[in-house]
Amino acid sequence: MTESFGARLRTALDAHGPLCVGIDPHASLLDAWGLGQDAAGVREFGLRVVDAAAGRVGALKPQVSFFERFGSRGFAALEDVLAAARAAGMLVVADAKRGDIGSTNEGYADAWLQSGSPLEADAVTLSPYLGVGALGAVLDRARSAGKGVFVLAATSNPEAAALQSATTGEGARVAAMVAQEATTGDSGAALGSIGLVIGATVDRAEFGLDDDLLRTVPVLAPGFGAQGATPEDLTGRFGALARNVLASESRSILGAGPDGIAVRMEETARRYQEVLGA
């Protein structure tokens, strides 16, 4: 039987702590690293991050858009980075934010969660705003194939707050409705395979995302590092749920440059482990 993504994530969190390093080859970072503004540059950038992260963190999160901007060559570069990270034993979350009508989502499931796909990842981020039910094909594939997803619920960008904290006709917050509908099939799991994106800089209470709703739900939390949240905010924001959280940092680590990122990762990972008392 295929081991669930939730079980594999639990192992990674316990072994390495919550730090998830984003692979975000911004144009400014490519310049700072002395790399070209092209597919070869983002490939080299990604592979250097993978090399530095191996054995130091449990998860990586490539931001697909920074590869996609270079077309087919950029996607080929992303394929190499995804494969290298998975070969190094790290969980890979493709930050693609896909989501469409049901039949189209089957294509996304094939692309990101199918074993042997050139873009195969361990998990993918999804947008639920064409309807959570429309994501069914991806959610079902994730559960059956030992993969995971992280559905956008309460994101760290302030532009989303009005929509995600709005109240539905039944009186629930939109974010809480998304969380309830997306994760229902994971009930009973120690740590589910269907997770949520919840920003480290948001107040969960304003979105209706309480501990009872999230008790066995993995959380991908952007907002740490350059966006302002610190490792100490992990327990401050998530409390008893903190051990189920992937704390995503990108620029705060990548800004150390190719010669400094390994040390920065070790230092940052240690801070999170200290906060959790590990």
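The values are calculated or read from the model by the stated rules, or taken from the named source; none is laboratory data. Please read all numbers here as calculations on a predicted model, not as lab measurements. As a convention, Cβ positions derive from the backbone with ideal geometry for all residues, glycine included, and neighbour counts pool all protein chains shown.
If you check R56, R43, which single one turns out to be closer than 18 Å to E120 by Cβ and in contact with a helix residue (DSSP H, G or I) (Cβ under 8 Å, 6 or more places away or on another chain)? Steps first, please.
On the way: R56 fails: closer than 18 Å to E120 by Cβ.
None of the other options fit; the residue is R43.
Just one of the numbered conditions (1) surrounded by fewer than 20 Cβ atoms within 10 Å (Cβ to Cβ); (2) assigned to a loop (DSSP other than H, G, I, E, B); (3) not acidic (D, E) is not true of A7; which one?
Checking A7 against (1) surrounded by fewer than 20 Cβ atoms within 10 Å (Cβ to Cβ); (2) assigned to a loop (DSSP other than H, G, I, E, B); (3) not acidic (D, E), the one that fails is (2).
Let's see how each residue does on (1) surrounded by 22 or more Cβ atoms within 10 Å (Cβ to Cβ); (2) in a helix (DSSP H, G or I); (3) at pLDDT 95 or above; (4) not polar (S, T, N, Q):
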position: L209; (1), (2), (3), (4): yes, no, yes, yes
position: A247; (1), (2), (3), (4): yes, no, yes, yes
position: S252; (1), (2), (3), (4): no, yes, yes, no
position: V263; (1), (2), (3), (4): no, yes, yes, yes
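Being in a helix (DSSP H, G or I), surrounded by fewer than 24 Cβ atoms within 10 Å (Cβ to Cβ), touching a Gly at 6+ places or on another chain (Cβ under 7 Å) and touching a residue at least 24 places away in the same chain (Cβ under 8 Å) narrows it down to one residue among A12, A76, A40, A84; which is it? First the steps, then the outcome.
Details: A76 fails: touching a Gly at 6+ places or on another chain (Cβ under 7 Å); A40 fails: touching a Gly at 6+ places or on another chain (Cβ under 7 Å); A84 fails: touching a Gly at 6+ places or on another chain (Cβ under 7 Å).
Exactly one of A12, A76, A40, A84 is in a helix (DSSP H, G or I), surrounded by fewer than 24 Cβ atoms within 10 Å (Cβ to Cβ), touching a Gly at 6+ places or on another chain (Cβ under 7 Å) and touching a residue at least 24 places away in the same chain (Cβ under 8 Å), namely A12.
I'm checking my understanding of the structure. Among residues of segment 149-172 that are under 20 Å from G102 (Cβ atoms) and touching a helix residue (DSSP H, G or I) at 6+ places or on another chain (Cβ under 9 Å), which one is surrounded by the most Cβ atoms within 10 Å (Cβ to Cβ)?
Of the residues in segment 149-172, the ones under 20 Å from G102 (Cβ atoms) are 149-152.
Still in the list and also touching a helix residue (DSSP H, G or I) at 6+ places or on another chain (Cβ under 9 Å): 149, 151-152.
Numbers: V149: 31, V151: 24, L152: 22.
Only one residue tops the list, namely V149.
How many residues are part of a loop (DSSP other than H, G, I, E, B) and closer than 28 Å to G89 by Cα when one looks only at segment 122-154? Full working, then the answer.
As a first pass, look at segment 122-154 and keep what is part of a loop (DSSP other than H, G, I, E, B): 122, 127-131, 146-147.
Now restrict to residues that are closer than 28 Å to G89 by Cα: 122, 127, 146-147.
Summing the residues that are part of a loop (DSSP other than H, G, I, E, B) and closer than 28 Å to G89 by Cα in segment 122-154 gives 4.
Hey, any hits in segment 62-70 for a residue that's assigned to a loop (DSSP other than H, G, I, E, B), touching a strand residue (DSSP E or B) at 6+ places or on another chain (Cβ under 7 Å) and in contact (Cβ under 8 Å) with a residue 40 or more places away in the chain? So that I can check it myself, show each step before the final result.
Going through segment 62-70, the residues assigned to a loop (DSSP other than H, G, I, E, B) turn out to be 64, 69-70.
This time we only want the ones that are touching a strand residue (DSSP E or B) at 6+ places or on another chain (Cβ under 7 Å), so: 64.
Going one step further and asking which of them are in contact (Cβ under 8 Å) with a residue 40 or more places away in the chain, we end up with none.
Taking every residue of segment 62-70 in turn, none turns out to be assigned to a loop (DSSP other than H, G, I, E, B), touching a strand residue (DSSP E or B) at 6+ places or on another chain (Cβ under 7 Å) and in contact (Cβ under 8 Å) with a residue 40 or more places away in the chain.
Show the residue pairs meeting these rules: Cβ distance below 7 Å; 6+ apart or different chains; first residue within segment 223-241 and within 24 Å of I23 (Cβ to Cβ) and without any contact (Cβ under 8 Å) to a residue 40 or more places away in the chain; second residue part of a strand (DSSP E or B) and polar (S, T, N, Q).
Close Cβ pairs satisfying both conditions: F224/S248.
Return the residue satisfying two criteria in turn: it lies in segment 87-109 and is crowded, with 19+ Cβ neighbours inside 10 Å and in a strand (DSSP E or B), and of such residues it is farthest from the chain's Cα centre (by Cα).
So in segment 87-109, the residues crowded, with 19+ Cβ neighbours inside 10 Å come out as 90-96, 98-99, 105, 108-109.
Still in the list and also in a strand (DSSP E or B): 91-96, 98.
On the way: L91: 10, V92: 8, V93: 5, A94: 7, D95: 6, A96: 9, R98: 13 Å.
Checking each candidate, the answer is R98.
In segment 183-203, which residue that is at pLDDT below 95 and not in a loop (DSSP other than H, G, I, E, B) is surrounded by the fewest Cβ atoms within 10 Å (Cβ to Cβ)?
Restricting to residues being at pLDDT below 95 and not in a loop (DSSP other than H, G, I, E, B), the top hit is T184.
Among the residues of segment 1-51, which ones are at pLDDT below 95 and of a type in the set (V, I, T)?
Of everything in segment 1-51, just one residue is at pLDDT below 95 and of a type in the set (V, I, T), namely T2.
Filter segment 15-37 down to residues that are in a loop (DSSP other than H, G, I, E, B) and either more than 20 Å from L276 (Cα to Cα) or free of Cβ contacts under 8 Å to residues at least 40 places away in the same chain (or both), then give me how many there are. Before the answer, list the steps.
So in segment 15-37, the residues in a loop (DSSP other than H, G, I, E, B) come out as 17-18, 24-26, 33-37.
This time we only want the ones that are either more than 20 Å from L276 (Cα to Cα) or free of Cβ contacts under 8 Å to residues at least 40 places away in the same chain (or both), so: 24-26, 33-37.
Of the residues in segment 15-37, 8 are in a loop (DSSP other than H, G, I, E, B) and either more than 20 Å from L276 (Cα to Cα) or free of Cβ contacts under 8 Å to residues at least 40 places away in the same chain (or both).
For the structure I just gave you, tell me whether A137 is surrounded by 14 or more Cβ atoms within 10 Å (Cβ to Cβ), among the aliphatic types (A, V, I, L, M), at pLDDT below 95 and out of contact with any helix residue (DSSP H, G or I) (no Cβ under 7 Å at 6 or more places or on another chain). Let's see the steps before the verdict.
Details: surrounded by 14 or more Cβ atoms within 10 Å (Cβ to Cβ): yes; among the aliphatic types (A, V, I, L, M): yes; at pLDDT below 95: yes; out of contact with any helix residue (DSSP H, G or I) (no Cβ under 7 Å at 6 or more places or on another chain): no.
Against the criterion (surrounded by 14 or more Cβ atoms within 10 Å (Cβ to Cβ), among the aliphatic types (A, V, I, L, M), at pLDDT below 95 and out of contact with any helix residue (DSSP H, G or I) (no Cβ under 7 Å at 6 or more places or on another chain)), A137 does not qualify.
Tally the residues that are under 19 Å from V93 (Cα atoms) and among the charged types (D, E, K, R), restricting the search to segment 231-278.
Of the residues in segment 231-278, 3 are under 19 Å from V93 (Cα atoms) and among the charged types (D, E, K, R).
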